[in-house]
Amino acid sequence: MFLPQRLPGQDWLGVVVAIPEPWVTQLTELRLRLGDLAGSRIPAHITLMPPTPVAREARAEVIDHLRSIA
């Protein structure tokens, strides 16, 4: 996965939607059968926003915004 450069004073922030059972188990099993080595370490999910560097001082504002639109 490509990650943009993170500068001093920044944190990673991403947004995912968890997939509930029984589908997460079915998707994980399929990923492993298809050779996805990350399948056993990273649960199946839907990425809405990939890891993005965000200034630490803006983190709370970004999270508040995401909550307001969720």
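The values are calculated or read from the model by the stated rules, or taken from the named source; none is laboratory data. Because the structure is predicted, anything quoted here is derived from the model rather than measured. All Cβ positions, glycine included, derive from the backbone under ideal geometry; neighbour counts span all protein chains shown.
A few points about this structure:
- Condition met for A38 (within 10 Å of the chain's Cα centre (by Cα), surrounded by fewer than 11 Cβ atoms within 10 Å (Cβ to Cβ) and not β-branched (V, I, T)): no
- Residue in the range 48-59 that is out of contact with any helix residue (DSSP H, G or I) (no Cβ under 7 Å at 6 or more places or on another chain) and over 23 Å from Q5 (Cβ atoms) present: no
- Neighbours by Cβ (under 9 Å, 6+ apart or cross-chain): first from the range 24-40, under 16 Å from M1 (Cα atoms) and at pLDDT below 95; second surrounded by fewer than 12 Cβ atoms within 10 Å (Cβ to Cβ) and not hydrophobic (A, V, I, L, M, F, W, C): G39/R33
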